[in-house]
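First up is the structure itself, then whatever we jot down about it.
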Amino acid sequence: MSLTRLLAVARKEVVQILRDSRSLLIVILMPAILVVLFGYGVNLDLKGMPVYVYDQDGSQQSQDLLKHFQASRYFSIANVVDGYSELSRALDDGHAKIGIVIPWDFSQRLRDGRPVVVQALVDASDDNTANVLMGYLQAVVQGYSAQVQIDWLRQHGLAIQPASMSVETRTWYNEDLESSAFIIPGILALVMSVIGAFLTSLTIAREWERGTMEQLISTPVGAMEIMLGKLAPYFVLGMFDTVVSAVIAIYWFQVPFRGSWVTLMTASALFMVVVLSMGFFISVLAKTQFAASQIALLITFLPAFLLSGFLFSIEQMPIALQWITRVLPARYYVSVLKKIFLKGTPAPMLLEELIPLAIFAFALTLVATRSFHKKLD
Amino acid sequence: MADIACSVEVTKLVKRFGDFVAVDRIDLEVRKGEVFGFLGPNGAGKSTTIRMLCGLLKPTSGRAQVAGFDVSQRPEAVRQNIGYMSQKFSLYNDLTVIENLRLFAGLYSVPAKLLRARIEWALTMAKLKGQENLITGTLPGGWKQRLALGCAVLHKPPVIFLDEPTSGVDPITRRQFWDLIHQMAEAGVTVFVTTHYMEEAEYCNRLALIFRGRIVALGTPSELKRDFMKGELLLVECEPLGDAVEALQSAPGVMDAAVFGNALHLVVGDAGHAVPQLKEYLARRGIAVSRMEKIRPSLEDVFVSLTTGRETAEERKP
């Protein structure tokens with residue numbers, strides 16, 4: 001191992017990165033773009049869902065019910081219509097997520113103390129949203145129903161104080177139930193997958209493709225020196241982008257950050273070693289830039305996106321998929337990120353994730369160094 | 001490294017890719033300070049041989065020593081003592097001239113106190129002084145090749161391997177490049193160079209002709225012309241050329257007939273005997289001969305004569 005040779009390779013790599021406007025652009029803009037994209041674009045919160053109302057009754061009581069809807073943060077009455085056809089058109093073209101039909105005998109039945117049914121048409125093209133909305137609908141209608149019963153009893157002289165039961169909830173870690181606080185920390189895993197695996201897989205495959213690798217390996221430079229020299233600049237870039245992403249998350253999107261920076265950077269460094277080794281290994285096998293970049297996206301970016309718990313919680317995945325996530329380094333990193341940001345979990349309590357990450361880092365580095373030979377065949 | 005007579009010593013070297021034998025039991029020796037040419041058509045095994053000698057490919061069997069080190073056992077020692085220029089230009093096009101030189105100086109561990117002087121020397125040699133900050137990719141072909149040579153010799157290696165260094169550059173640039181090669185050799189550097197330009201072969205001290213993975217001839221250019229030409233060579237100018245070539249291929253005493261420019265080269269056993277016979281043979285077929293005389297063979301003639309013999313011999317095998 002010679003430091004002179006290692007530095008010669010690293011210096012050359014830095015000059016190439018600085019001179020290649022495309023990769024430089026990816027390095028500088030990608031963290032900001034991803035964080036902003038997911039920070040603003042992906043919102044799993046249901047707020048102010050548009051409701052169209054067809055009120056056949058038009059009474060004081062039906063207006064009361066609608067006020068209950070309007071008071072809820074989840075619904076917003078967008079329009080009042082005069083017929084079914086307008087209602088179904090609004091659902092068809094997406095102007096309404098929910099259509100509520102209040103029957104013509106709504107107030108009459110309430111006065112008579114007879115059961116009454118309010119119809120709700122729900123756009124269930126997104127089943128998850130529809131499920132959540134139906135829950136909220138039930139809650140609003142039941143709340144109103146309880147009030148109606150109490151009023152009825154009171155009017156009939158039975159002014160008893162009904163015993164009420166309720167749950168007093170406190171949401172911890174993500175007090176405001178903002179989905180951005182849940183999502184944004186995980187973006188760091190995406191950023192590092194792109195920098196670590198995607199960019200590095202390009203840089204080494206490029207050397208094979210252009211024939212410069214042949215010249216390089218005809219010199220006394222060692223395989224280890226080539227690998228470390230080429231990866232060191234990307235390690236620095238990856239860590240830099242981690243800090244940039246974290247700063248945007250904390251100061252722009254107000255994501256709570258309760259843990260320590262040292263723990264964050266340690267976990268990030270481990271994950272960076274993992275993705276760099278994967279990128280290096282891929283490029284050694286693929287030897288063309290196109291193949292390498294495709295494989296890198298497929299085995300690092302996609303799992304980090306879909307299976308790491310970044311967007312979709314692992315507990316809700318089918319058992320088979322849950323098992324698969326266990327061999328994904330991104331899963332452990334995303335878990336660490338969420339705990340550091342939202343819970344402020346100290347390092348000793350993160351060993352469950354940090355140890356697997358360290359094992360991955362060690363094993364993949366070993367695989368990467370073994371895969372690269374200074375031979376053309 | 002101190003005192004070895006041979007810079008390159010190859011014994012029964014074989015390289016197989018699957019079923020294909022790219023290099024077939026070749027033997028050769030290159031003496032110190034020699035310009036050794038490795039001549040052959042594309043695909044004959046030139047690059048494969050040179051890559052084995054530089055430790056880039058693992059020999060299937062056989063032995064090769066370069067600068068006193070075995071290429072299979074001490075590849076890193078070999079690499080420190082050689083300079084290599086691959087067939088395809090393979091410096092970094094997105095680096096400047098000086099950045100490429102600094103990179104290779106680093107890779108060859110040129111000591112810091114010699115660095116400036118070595119780079120200066122390489123720039124002068126490659127006639128690139130004042131062009132240090134140009135982006136390599138924008139340089140003309142000949143400049144790139146000189147820069148590649150400069151990068152390969154920064155550490156003053158005793159042996160340099162040049163794989164078709166002049167392919168794709170114009171004849172004047174080619175000539176200048178060969179002047180550089182001879183300068184190196186005069187300074188005591190051993191130069192192992194491959195080419196498929198026959199006229200370049202004449203600039204070498206010694207040559208090996210390689211064909212289908214085998215060395216078919218080895219010696220100085222004049223030895224090759226003297227020893228490996230079976231028979232004597234006749235130059236024939238006649239009209240019409242096409243008919244003449246066809247007729248002569250089956251003429252008695254003619255071993256080979258081939259078109260060279262606007263004339264024919266014939267290989268015959270004894271020129272004195274054949275000339276009157278062939279003149280009459282052609283006259284009978286209505287072919288007008290304006291000139292027919294014995295000439296000194298060029299390396300190309302030697303090569304054609306050696307390889308056509310082998311081709312037909314191999315085709316005759318069942």
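The values are calculated or read from the model by the stated rules, or taken from the named source; none is laboratory data. Keep in mind that this is a model prediction, so the values were computed, not measured. Backbone-built Cβ (ideal geometry, glycine too); neighbour counts: all protein chains shown.
Of all residues being in contact with a helix residue (DSSP H, G or I) (Cβ under 9 Å, 6 or more places away or on another chain) and within 14 Å of chain A (Cβ to nearest Cβ) in region B:133-147, which is farthest from A:Gln16 (Cα to Cα)? Just the residue, please.
Looking at residues that are in contact with a helix residue (DSSP H, G or I) (Cβ under 9 Å, 6 or more places away or on another chain) and within 14 Å of chain A (Cβ to nearest Cβ), I get B:Gln145.
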Exercise for the section: Examine region A:15-24 for a residue that is surrounded by 16 or more Cβ atoms within 10 Å (Cβ to Cβ), within 29 Å of A:Gly135 (Cβ to Cβ) and among the hydroxyl-bearing types (Ser, Thr, Tyr), and state whether such a residue exists. Expected result: no
### Query
Got at least one residue in region B:271-278 being in a strand (DSSP E or B) and surrounded by fewer than 12 Cβ atoms within 10 Å (Cβ to Cβ)?
no
(request) Please verify whether region B:85-96 includes one or more residues that are out of contact with any His (no Cβ under 8 Å at 6 or more places or on another chain) and more than 9 Å from chain A (Cβ to nearest Cβ). (result) no
Considering every residue within region B:10-31, establish whether at least one is surrounded by 16 or more Cβ atoms within 10 Å (Cβ to Cβ), within 14 Å of chain A (Cβ to nearest Cβ), of a type in the set (A, V, I, L, M) and within 16 Å of the chain's Cα centre (by Cα). yes
The residue from A:Ser201, A:Ser164, A:Ser245 that alone is at pLDDT below 90, more than 14 Å from chain B (Cβ to nearest Cβ) and crowded, with 16+ Cβ neighbours inside 10 Å is A:Ser201
Within region A:302-332, residues being touching a residue at least 40 places away in the same chain (Cβ under 8 Å) and surrounded by fewer than 20 Cβ atoms within 10 Å (Cβ to Cβ) number 2
Looking across region B:54-71 at residues that are within 11 Å of another protein chain (Cβ to nearest Cβ) and surrounded by fewer than 18 Cβ atoms within 10 Å (Cβ to Cβ), the single one that is nearest to B:Phe192 (Cα to Cα) is B:Lys58
For helices (runs of 4 or more DSSP H) lying entirely in region A:1-108, having 1 or more residues that are over 30 Å from A:Pro233 (Cα atoms) and away from chain B (no Cβ under 14 Å) picks out A:60-71, A:84-92
Considering only strands (runs of 3 or more DSSP E) wholly within region B:157-234, the ones with at least 1 residues that are surrounded by fewer than 17 Cβ atoms within 10 Å (Cβ to Cβ) and in contact with a Lys or Arg (Cβ under 7 Å, 6 or more places away or on another chain) are B:214-219
Taking region B:72-84 and keeping residues closer than 20 Å to B:Val23 by Cα and facing another protein chain (nearest Cβ under 7 Å) leaves B:Tyr84
